[in-house]
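Presented below is the structure to which this report refers.
The values are calculated or read from the model by the stated rules, or taken from the named source; none is laboratory data. The model shown is predicted, which means the values in this text are computed figures rather than measured ones. Every residue, glycine as well, gets a Cβ built from its backbone with ideal geometry; the counts of neighbours run over all protein chains shown. Side chains included, ligands, DNA and RNA excluded: accessible areas come from the protein's heavy atoms. Shrake-Rupley method; radii C 1.70, N 1.55, O 1.52, S 1.80 Å.
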Amino acid sequence: MDFRTLTDTQIELCKLASDFAKKEIQPVAALLDKQAAFPAELHKKAMALGILNLLIPEDYGGLGLGNLDFIMVTERLAWGCSGVAGALSLNSMVGDCILLGGTEKQKEKYLGKIVNGEIGSYALTEPHAGSNVAAIKTAALKKGSKYILNGSKTWISNSPVASFFIVFAKTDPDAAHKGISAFIIDRDTPGLEVGKDLEKLGQKAFPAAEVFFQNVELSAEHLLGKEGEGFLLAMKIFDRSRPMVAASGVGLSKRCLDESLLYAKSRETMGKAIINHQMIAAKIADMGMRHEASRLLTYQAADLLDRNLPNTIEASYAKTFAADTAAWASSEAVQVFGGMGYSKEYPVEKLYRDSKVLQIYEGTNEIQRLIMARELSK
């Protein structure tokens, strides 16, 4: 596919998202980093602008657009701040869960909440079960016609502001991954408690916390999909969420390139702009090259989804390469800025902090390489 020939809708979306990033996100990114809280005002503005809820079908109040459209928007929001982009984009992941596993009643209720501005949260990770999903200990055991949910989750993004949660738990503790089920639970359900915000290195506008469940009573209506299908649902979501993380990496590496270019053209040493020193020029050239490769891998992974084709290895390629590129580019940007790169006076120190988590969440890059090897061996 020719990713450079965009549709009229994509051109308009990209312009809206780019303008929003430059005019609304970039000016407040440093303040949001200090506040370390969900960007509620930006969420309201983005909702009003029509650049969220792209993947929710029109029948449920969304725009009914494709994954590539969504990725292009996320990339541009991440140029302004990858933390803000994550906070605003996570509902797409929650919505995908509901679309893939939900009943019609669940879709109408919870997709309706999302398009009306409410926030959902995706609760999978546990203190001893990050990359190894099958090792989760949170359990929802059957007692008569009810499930009794007990356990805890950690690093649950947007949980401090979420009005409902998608929670993965063992309904059969002896069945490993085949014993995992997914539930959809309202925040005000008795026994559900959200802990304090967790302090983070970067992406501070994308809040995360622990979530606790103590004898939470659930009915079969809370099941998302069938009992025992939670692991399969989580794996399907990874194929969709990893291109989203990759898009944040693409946006962040583009910001590193833009900031480095701007500084290197104006900063002079030894009688000339540092862009004219070969070592600096090489860093910037490599930034441009790796950014472009990241973008193409990311667009490919999203395009395959839109074509209903398998994208597991392509999603891993995109997530890993884009995340590694963002981390590398942010480090090089600090180096281009020299001593000033270490100062909060310039944005590259924040880019450096924000980039690291891209190599960790939605499956560490080490796990991604294992997935690639497995897929290549088939």
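Below are the figures for this structure:
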| read-out | value |
| --- | --- |
| Subset of the stretch 291-309 that is out of contact with any Asp or Glu (no Cβ under 8 Å at 6 or more places or on another chain) and not charged (D, E, K, R) - its residue that is most open to solvent (accessible area, probe 1.4 Å) | Asn308 |
| Qualifying residue in the stretch 112-126 (condition: more than 23 Å from Leu99 (Cα to Cα), touching a strand residue (DSSP E or B) at 6+ places or on another chain (Cβ under 8 Å) and open to solvent by 50 Å² or more (accessible area, probe 1.4 Å)) | no |
| Every residue from the stretch 65-117 that is of a type in the set (Asp, Glu) and closer than 20 Å to Ala315 by Cα | Asp69, Glu75, Asp96 |
| Residue selected from the stretch 357-376 under the condition among the charged types (D, E, K, R) and open to solvent by less than 50 Å² (accessible area, probe 1.4 Å), by the criterion nearest to Arg242 (Cα to Cα) | Glu362 |
| So Lys204, is it of a type in the set (Lys, Arg) and either modelled with pLDDT of 95 or more or open to solvent by less than 10 Å² (accessible area, probe 1.4 Å) (or both) | yes |
| Where Val250 falls short, out of the listed (1) among the β-branched types (Val, Ile, Thr); (2) modelled with pLDDT of 95 or more; (3) more than 18 Å from Lys350 (Cβ to Cβ) | (3) |
| Residue match in the stretch 179-188 (condition: at positive phi and at pLDDT 95 or above) | no |
| Residue within the stretch 245-254 that is open to solvent by 60 Å² or more (accessible area, probe 1.4 Å) and assigned to a helix (DSSP H, G or I) present | yes |
| Any hit, the stretch 210-220, residues being open to solvent by 30 Å² or more (accessible area, probe 1.4 Å), under 30 Å from Ala327 (Cα atoms) and in contact with a strand residue (DSSP E or B) (Cβ under 9 Å, 6 or more places away or on another chain) | yes |
| Those residues of the stretch 169-188 which are of a type in the set (Gly, Ala, Ser) and more than 24 Å from the chain's Cα centre (by Cα), in sequence order | Ala175, Ala176, Gly179 |
| Leading residue by the ranking (least open to solvent (accessible area, probe 1.4 Å)) among those in the stretch 138-157 that are more than 12 Å from Ser181 (Cα to Cα) and outside any strand (DSSP E or B) | Gly144 |
| Set Leu31, Leu49, Leu63: member being of a type outside the set (Phe, Trp, Tyr), more than 28 Å from Phe231 (Cβ to Cβ), open to solvent by 30 Å² or more (accessible area, probe 1.4 Å) and touching a residue at least 24 places away in the same chain (Cβ under 8 Å) | Leu49 |
| Top-ranked residue in the stretch 264-294 [being of a type in the set (Gly, Ala, Ser) and part of a helix (DSSP H, G or I); ranked as nearest to the chain's Cα centre (by Cα)] | Ser294 |
| Index of the failed condition, Glu268 passing every other in (1) farther than 22 Å from Ile98 by Cβ; (2) touching a Ser or Thr at 6+ places or on another chain (Cβ under 8 Å); (3) among the charged types (D, E, K, R) | (2) |
